[in-house]
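Reading through the structure tokens given below for one structure.
The values are calculated or read from the model by the stated rules, or taken from the named source; none is laboratory data. Computed from a predicted structure; not experimentally measured. Virtual Cβ from ideal backbone geometry, glycine too; neighbours counted across all protein chains shown.
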Number of protein chains: 4
Amino acid sequence: MIDPAMIQTPLTGIVPPMITPLRDRDALDLPGLERLIAHILDGGVSGLFILGTTGEGPGLSYRLRRELIDRTCRQVGGRVPVLVGITDTAMVEAVGLARHAANAGAAAVVAAPPYYLPGGQPELREYLGHLVRELPLPLFLYNMPALTKVPFDIETVRAAMDDSRVIGLKDSSGDMTYFQSAAELLPQRPDWTLLIGPEERLLDAVLAGGHGGVCGGANLFPALFVALYEACRAGDANRAFRMHAQMLRVSSSIYRVGRHPSAVIKGLKCALSITGICDDFMAEPFHRFREGERAVIAAHVVRLQAEIAALGV
Amino acid sequence: MIDPAMIQTPLTGIVPPMITPLRDRDALDLPGLERLIAHILDGGVSGLFILGTTGEGPGLSYRLRRELIDRTCRQVGGRVPVLVGITDTAMVEAVGLARHAANAGAAAVVAAPPYYLPGGQPELREYLGHLVRELPLPLFLYNMPALTKVPFDIETVRAAMDDSRVIGLKDSSGDMTYFQSAAELLPQRPDWTLLIGPEERLLDAVLAGGHGGVCGGANLFPALFVALYEACRAGDANRAFRMHAQMLRVSSSIYRVGRHPSAVIKGLKCALSITGICDDFMAEPFHRFREGERAVIAAHVVRLQAEIAALGV
Amino acid sequence: MIDPAMIQTPLTGIVPPMITPLRDRDALDLPGLERLIAHILDGGVSGLFILGTTGEGPGLSYRLRRELIDRTCRQVGGRVPVLVGITDTAMVEAVGLARHAANAGAAAVVAAPPYYLPGGQPELREYLGHLVRELPLPLFLYNMPALTKVPFDIETVRAAMDDSRVIGLKDSSGDMTYFQSAAELLPQRPDWTLLIGPEERLLDAVLAGGHGGVCGGANLFPALFVALYEACRAGDANRAFRMHAQMLRVSSSIYRVGRHPSAVIKGLKCALSITGICDDFMAEPFHRFREGERAVIAAHVVRLQAEIAALGV
Amino acid sequence: MIDPAMIQTPLTGIVPPMITPLRDRDALDLPGLERLIAHILDGGVSGLFILGTTGEGPGLSYRLRRELIDRTCRQVGGRVPVLVGITDTAMVEAVGLARHAANAGAAAVVAAPPYYLPGGQPELREYLGHLVRELPLPLFLYNMPALTKVPFDIETVRAAMDDSRVIGLKDSSGDMTYFQSAAELLPQRPDWTLLIGPEERLLDAVLAGGHGGVCGGANLFPALFVALYEACRAGDANRAFRMHAQMLRVSSSIYRVGRHPSAVIKGLKCALSITGICDDFMAEPFHRFREGERAVIAAHVVRLQAEIAALGV
């Protein structure tokens, strides 16, 4: 049933967590979506992760999620693997989405722990066992304790590695001690993929043995993140250094105009709207930046584009 | 469209957050559900709240949630108002569930803040404005910061009281300073209902001006909670005292056999299974108590039943 | 060396955590201190706890702490036991203060976990073992996780009960499940004293088997808290009820004028200043309420005094 | 009174937070202290910070703290500036320690917010104003919210920069967004020093405009951290890269043998004991690693020493 051949394992490089272009609460911005996918793939990324946190997955109706899966898989057309977030409080809905993703041609699904009432680690281990039995696609674990209240403990990750249908971990905890521990498990599964969430830690993560990053900023500047990753892997420290410093200038400007946890997504959507790629409508309870904030983002975008062009990326 | 006549406002007394009897991941325990509703209504409660935290609402498929709404409303048949939890990360799904509830004959819906990526208070105020415009039933706010990461701040509650379609607040924060502040807002809305979540605080809450409680233990011993509430309201301190002490013996035994946040629901379901009312299957990632824990709960149930009988409840 | 005869065990009733009257950063308000001690003892309390959180213990110089111990013990003159807070990040300083307290005639000392770098439970158990060996007075444990970052786990309390030199627990966690567990340990040490911190939980705590409370409000209205405690113990539910409701009116007014964790101490000191008992100077980094807040407190005090007089306390 | 000439400002490079060699609860390991200071200074560091978190400052008696200040200042003899931690819950004690430090020849003092009852930001601003008036030495702010419960907000830092007696900030929050904001304030005070706490972020911090690091690992491998810092400043990316990766191997081994917040200090002290530099006794409530853990650390030390030698540091 599962055809892991669709993903070359381990999956290395940049796998952007795609924002979801919306024109209304329950309507995709279709031309924007097409432009965004084309823009990201042009940057040389290794995969596309939809319906994650950055993709506002849990904030979208299931109907819209299915439509997004269909359209994205169709446009990507197998050029890179599409990973689909199925994190849900109800396992039945997670499985339903995974089946839809398999039919649409996605390569894998991604799941964080159920995030309303937090389970203990033994419960999460059992949950993963039940879940993979029902899944028609291989599974990436998604460690995101700030939003799910509970992590996948390292011991839970280690136990999950015994099941070949679980094929990797995306760690968005920001805790590099955890990441390092996860990297130390790699020898037991040569096909396992270990990706870092926070892009500010991409350089560290690759140095520590990780395979790449799920970097939100790659929605906007995909080539920059690909260049940073490749310089790290090639051991071109000077270049990696410059790309890292440039990446810090993105995150310390675009992501910090708002003050809430939603500031990163708002900043990215606003910048993508300014560059003419897609609409910046956000799913409730969030709303797009207003004029004042938009002007600040616009100034940042102009400056960042010039800096990145000067880097020859 | 909205017929608030179905709820006598303010709603006073005990409104149990009904557990959801399951026989499998996506199947109701139908005879158990019938027995449970009958058992609770026999206790003299003032309403029934389904699909809340205790009801494992977010852990159930939308199909099963709709079936539960239908069956519960049909069996209750208007004897007491049925309140339906619609808390969701996606507003479209919350509205869909509310429409189903309205068609089924529910009296009101109950919503906590979207609980994946937490919004700020201005965003929550705007969210509530958008939500009530789409709702066919009056709305209770549900303050549950431990699980939604963000509270409805008192100022947000105060602002929501300006809209007559929002008719009350269930506070499960356990923060009696917050509850007291909420009680101080009551003069501006004589029809507003203020209910307390944690049953250990019911006595305090009524003394502080609250209208009653959404007490999980009332699934098991509804008459005890009704008696406690009525003694408080009647000023029969001796009786209230004895009922309060008895209630503490329930929560300090049944709820403390497990060690995780799910221990309360597990304990309640296990006790209801022991008393022959319904199955104790739990939605993933949780599972029912195993033999050792079940034996402990069984001993507690026998003792508690004897104690409560001796109180003449 | 230890003369436990000074404390009748278990110690029952109200043991106010005395605020420390200051006239400057490092100077006691001496006439205020005399009036305050007299005022509290007149209320019928069972003991006096100095240099706790409410007493701003950690914020005072060691010189001033020693002076306060001396003056308090001298004025109390054995009428009730004086308990002295010795919580410290440095064990040498805690022991030094305990020796001073013993020489001054204190009855016991009170220690929370070292509160800078938090220890694990095995470390805390070992710490308690080392500490009691050096102490010339019996020890009360002080559970205050909000400020020490780490609790004394129930298992740590149970282990400490094996040492007769540890004679009780003051629980300020506000977690009634923890308190109930602590109460369940009482049969193994008939001389053990279990006291509750948050006064809003005094009634619950006595119902649950506790021996009394360390109630900050008893600085201001000692007789009210003594009456509440005695009504609970006498089983006079009607009276306990009225006292409890009155106590809630104190805490929901005096303690809520400020917005920070220091609001309780500020409110108490301000009210004591308004009633002419002592100065409201506070140790850094805190400062007394300013005019606007003082006027609010003054209005509360007038109203509360009338209400309490009407209760015949 | 203040002679800021003793510190060249801004202070750049590595300023190790020295561990405190103890042979008993209240006794310094004197030969160990001498060897440790010599070892650290040999590594080419820019200053020495004593009595911080790594130095177990709050866990030591004031007598021992004064002795440590005296001995350290005497041995250092002005070769590098000595910074003395005076963080305290009681301002009188903090000032007393600062006076002792000034007399002993220290160059500056370092203070985090009072850490028992946390103050609000306006209170902290006022506190800093009162504190600097009493200090005979310039002050570094120490941002350490995990242990003090409250940060110095960026706005509080900005306000403190208006006072020339406050000369820098050590940020141990680990929050690089905060650090970046602090770096953006540098243009308003060309003499201000901005140092990073967590050594894993040293490279990032220097790239972001910081002046250096207060790296615990520099107790053990001072030359490695100096080399990392200097490579960053020289723009020698290849070298910086290799040093950074090596530093990660230190922190991911030595610091992770224990499981509690004390694991870093325990690991450092144990490794320094294994290399024959000083005793690994720890102030209560902590204790040194036992045999099993010590063997693990010993193996790490051997491997790390070989790796670092191979780097030519």
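Could you identify the single residue in C:309, C:299, C:271 that is of a type in the set (A, V, I, L, M, F, W, C) and either outside any helix (DSSP H, G or I) or within 30 Å of residue B:234 (Cβ to Cβ) (or both)?
Exactly one of C:309, C:299, C:271 is of a type in the set (A, V, I, L, M, F, W, C) and either outside any helix (DSSP H, G or I) or within 30 Å of residue B:234 (Cβ to Cβ) (or both), namely C:309.
State all residues of region C:220-246 that are small (Gly, Ala, Ser), assigned to a helix (DSSP H, G or I) and within 9 Å of another protein chain (Cβ to nearest Cβ); if no residue qualifies, say none.
C:237, C:240, C:245
Checking residue D:204 against (1) within 14 Å of chain A (Cβ to nearest Cβ); (2) crowded, with 23+ Cβ neighbours inside 10 Å; (3) at pLDDT 95 or above: exactly one of these is not met. Which one?
In the conditions (1) within 14 Å of chain A (Cβ to nearest Cβ); (2) crowded, with 23+ Cβ neighbours inside 10 Å; (3) at pLDDT 95 or above, residue D:204 misses (3) alone.
Has region D:272-286 got any residue that is among the β-branched types (Val, Ile, Thr), surrounded by fewer than 20 Cβ atoms within 10 Å (Cβ to Cβ) and away from chain C (no Cβ under 14 Å)?
Yes.
Which ones in region A:116-145 are surrounded by 22 or more Cβ atoms within 10 Å (Cβ to Cβ), at the interface with chain B (Cβ under 7 Å from one of its Cβ atoms) and out of contact with any His (no Cβ under 8 Å at 6 or more places or on another chain)?
A:116, A:117, A:124
Condition first: of a type in the set (D, E, K, R) and either on the phi > 0 side of the Ramachandran plot or buried (at least 18 other Cβ atoms within 10 Å of the Cβ) (or both). Now tell me which residues in region C:19-65 satisfy that.
Of everything in region C:19-65, those that are of a type in the set (D, E, K, R) and either on the phi > 0 side of the Ramachandran plot or buried (at least 18 other Cβ atoms within 10 Å of the Cβ) (or both) turn out to be C:25, C:29, C:56, C:65.
Which of the numbered conditions does residue B:10 fail, given that it passes all the others? Conditions: (1) of a type outside the set (Val, Ile, Thr); (2) free of Cβ contacts under 8 Å to residues at least 40 places away in the same chain; (3) more than 14 Å from chain A (Cβ to nearest Cβ); (4) part of a loop (DSSP other than H, G, I, E, B).
Against the list (1) of a type outside the set (Val, Ile, Thr); (2) free of Cβ contacts under 8 Å to residues at least 40 places away in the same chain; (3) more than 14 Å from chain A (Cβ to nearest Cβ); (4) part of a loop (DSSP other than H, G, I, E, B), residue B:10 comes up short only on (2).
Output the qualifying pairs, or none if there are none: Cβ atoms under 7 angstrom, residues six or more apart or on different chains, first residue in region A:181-196 and over 22 Å from residue A:215 (Cβ atoms), second residue surrounded by 17 or more Cβ atoms within 10 Å (Cβ to Cβ) and among the hydroxyl-bearing types (Ser, Thr, Tyr).
The qualifying pairs are A:191/A:9.
Quick one: would you say residue C:165 is of a type in the set (Lys, Arg), in contact with a strand residue (DSSP E or B) (Cβ under 9 Å, 6 or more places away or on another chain) and farther than 30 Å from residue C:274 by Cβ?
The answer is yes for residue C:165.
Listed residues A:145, A:113; which is modelled with pLDDT of 95 or more and in contact with a helix residue (DSSP H, G or I) (Cβ under 7 Å, 6 or more places away or on another chain)?
Only one candidate passes the filter, namely A:113.
Out of (1) on the phi < 0 side of the Ramachandran plot; (2) in contact with a helix residue (DSSP H, G or I) (Cβ under 8 Å, 6 or more places away or on another chain); (3) modelled with pLDDT of 95 or more, the odd one out for residue A:197 is which?
Answer for residue A:197: the failing condition is (2).
Among the residues of region A:157-186, how many are under 11 Å from residue A:197 (Cβ atoms) and among the acidic types (Asp, Glu)?
Selection size over region A:157-186: 2.
Per-residue answers, yes or no, for (1) in a loop (DSSP other than H, G, I, E, B); (2) more than 14 Å from chain A (Cβ to nearest Cβ):
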{"position": "B:20", "(1), (2)": "yes, no"}
{"position": "B:35", "(1), (2)": "no, yes"}
{"position": "B:45", "(1), (2)": "yes, yes"}
{"position": "B:52", "(1), (2)": "yes, no"}
{"position": "B:64", "(1), (2)": "no, no"}
{"position": "B:71", "(1), (2)": "no, yes"}
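Consider only pairs whose beta carbons are under 9 Å apart and that are at least six residues apart or on different chains; among these, list those whose first residue lies in region A:79-101 and is free of Cβ contacts under 8 Å to residues at least 40 places away in the same chain and closer than 13 Å to residue A:112 by Cα and whose second residue is among the aromatic types (Phe, Trp, Tyr) and in a helix (DSSP H, G or I).
The qualifying pairs are A:90/B:62.
Are any residues in region B:212-246 closer than 18 Å to residue B:170 by Cβ and surrounded by fewer than 24 Cβ atoms within 10 Å (Cβ to Cβ), and if so, which ones?
Residues satisfying the conditions are B:222, B:226.
Residue C:112: at the interface with another protein chain (Cβ under 10 Å from one of its Cβ atoms) and buried (at least 23 other Cβ atoms within 10 Å of the Cβ), yes or no?
yes
It is to be established whether one or more residues within region C:290-301 are touching a helix residue (DSSP H, G or I) at 6+ places or on another chain (Cβ under 9 Å), among the charged types (D, E, K, R) and within 13 Å of another protein chain (Cβ to nearest Cβ).
no
So residue C:177 passes all but one of these: (1) free of Cβ contacts under 8 Å to residues at least 60 places away in the same chain; (2) surrounded by fewer than 19 Cβ atoms within 10 Å (Cβ to Cβ); (3) over 27 Å from residue C:209 (Cα atoms). Which condition number does it fail?
(3)
With the checklist (1) in contact (Cβ under 8 Å) with a residue 12 or more places away in the chain; (2) among the charged types (D, E, K, R); (3) within 14 Å of chain D (Cβ to nearest Cβ) in hand, flag the one item residue C:249 doesn't pass.
It fails just one condition, (3).
Take the residues in region C:256-269 that are within 11 Å of chain B (Cβ to nearest Cβ) and touching a Ser or Thr at 6+ places or on another chain (Cβ under 8 Å); name whichever of them is surrounded by the most Cβ atoms within 10 Å (Cβ to Cβ).
The extreme case among them is C:264.
Using the structure shown, decide if residue D:163 is more than 14 Å from chain A (Cβ to nearest Cβ), under 30 Å from residue D:98 (Cα atoms), of a type in the set (Asp, Glu) and surrounded by fewer than 18 Cβ atoms within 10 Å (Cβ to Cβ).
So residue D:163 fits the description; yes.
Can you list the helices (runs of 4 or more DSSP H) found entirely within region A:79-195 that contain at least 1 residues being within 19 Å of the chain's Cα centre (by Cα), hydroxyl-bearing (Ser, Thr, Tyr) and under 23 Å from residue A:15 (Cα atoms)?
Answer list for region A:79-195: A:145-148, A:176-184.
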